[in-house]
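Please treat every number below as a calculation from the coordinates, not as lab data. Predicted model only: the values in this text are computed from it and were never measured. Backbone-built Cβ (ideal geometry, glycine too); neighbour counts: all protein chains shown.
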Amino acid sequence: MTAAPAASPKVLIVEDEEPLLFTLAHNLKREGYAVVTASRGDDGLKLAREQKPDLILLDVMLPGIDGIQVCRMLRRDSDVPIIMLTALGGEGDRVAGLDTGADDYIPKPFGMRELMARVRALLRRSGGRAQPDAGTPPLISGDLQVDRERHEVVRNGSVLRMKPKEFELLLFFLQHPGRVFSREQILDEVWGYDFSGGPRTVDVHVRWLRQKVEDDPASPARLRTIRGSGYLFEG
């Protein structure tokens, strides 16, 4: 493993296809990232906890522990951005990966330029790219307070743990209260027009948000579903 400058983001690759593992590591190092690798799920889980990477590229089909299990176990105590890599390309497979807490999903085979673009985008988002000017007041909606500078959400005095995409989605809703947005509009605004996932991605993240910002997630009063139209946030 080639060391990178101390300030370089660290990427953990967990992939059992040796040629692809080598190619991914080579390209990430060329981009200036520090790289840690594992070819088994259990080894990847151990390295994730020991090395504290800034982002994980995680294959689904792995020896030891599969990628879905690794992701689920990491999400118990970590919000590290995770991109799932898999040869399983159906929508159900994508939703299964997102359901366990992955932030993005890219089916094999994929172009290296596309993957690197997604790595950069997710690292920017998780690190707070486009930070507001110093002194920007927090957004407040009822018992919610969102600090855009610190990427922190507080509800009733308690800090909520949120993955980068959850934070972006909540921020989007808070900035557009009382407006109905379709799933496709939300995908374009929050995930970007080039995101390959489907509308179910929005449903998964909305469900996660409801578990954190609603008194009764099964009967949401704040983040409502508008049948046949999409979602509406009432501030």
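Relative intensity of the range 139-233 on a log10 scale, I(q)/I(0) at q = 0.13, 0.18 Å⁻¹, equals -0.41, -0.81, per a Debye sum over C-alpha point scatterers of equal strength in the absence of solvent. Amide H to amide H, with H built 1.01 Å from N, Thr37 comes under 5 Å of Ile13, counting only residues 5 or more places away or on other chains. Less than 5 angstrom separates the built amide H of Ala102 from none of the residues sequence-distant by 5 or more or on a different chain. Evaluating 6.51 cos²θ - 1.76 cosθ + 1.60 at θ = phi - 60° for every residue in the range 45-62, the Karplus couplings come out as 4, 5, 5, 4, 6, 7, 8, 6, x, 7, 7, 10, 9, 10, 6, 7, 8, 10 Hz, glycine and proline recorded as x. Taking amide H atoms as placed 1.01 Å from N in the peptide plane, list the residues 5 or more away in sequence, or in a different chain, whose amide H sits under 5 Å from that of Glu152. Hits under the 5 Å cutoff: Asp147.
Taking a straight line from the alpha carbon of Lys29, these lysines sit under 26 Å away, with near neighbours fewer than eight places off in the same chain left out: Lys10, Lys46, Lys52, Lys108, Lys163, Lys165.
Quick one: net charge around Asp77, please, counting Lys, Arg +1 and Asp, Glu -1 for every other residue with C-beta under 10 Å from its C-beta. Walk me through the intermediate numbers first.
Numbers: positive: Arg49, Arg75, Arg76, Arg161; negative: Asp79.
Summing Lys/Arg as +1 and Asp/Glu as -1 gives +3.
Other residues whose C-beta falls under 15 angstrom from the C-beta of Gly32 contribute a net charge of +3, scoring Lys and Arg +1 and Asp and Glu -1. Between the C-alpha center of the range 158-216 and that of the range 4-60 there is a gap of 28 Å.
Histogrammed with a bin width of 10 Å, the alpha carbon distances of the range 10-126 distribute as 15, 54, 31, 1 percent, first bin at zero.
Sequence-ordered 3J(HN,Hα) estimates for the range 206-211 from the Karplus curve with 6.51, -1.76 and 1.60 and θ = phi - 60° stand at 4, 4, 4, 4, 4, 5 Hz, glycine and proline given as x. Counting neighbouring Cβ atoms within 10 Å and putting the fewest first, the residues Ile83, Ile68, Ile56, Ile140 line up as Ile140, Ile83, Ile68, Ile56. Coupling constants for the range 24-38 follow from the phi torsions by the Karplus curve (6.51 cos²θ - 1.76 cosθ + 1.60, θ = phi - 60°), and in residue order they are 4, 4, 4, 5, 5, 5, 4, 7, x, 7, 7, 10, 10, 10, 8 Hz; glycine and proline get x. Electrostatic tally near Lys46: other residues with Cβ closer than 14 Å to its Cβ, Lys and Arg +1, Asp and Glu -1, net -1.
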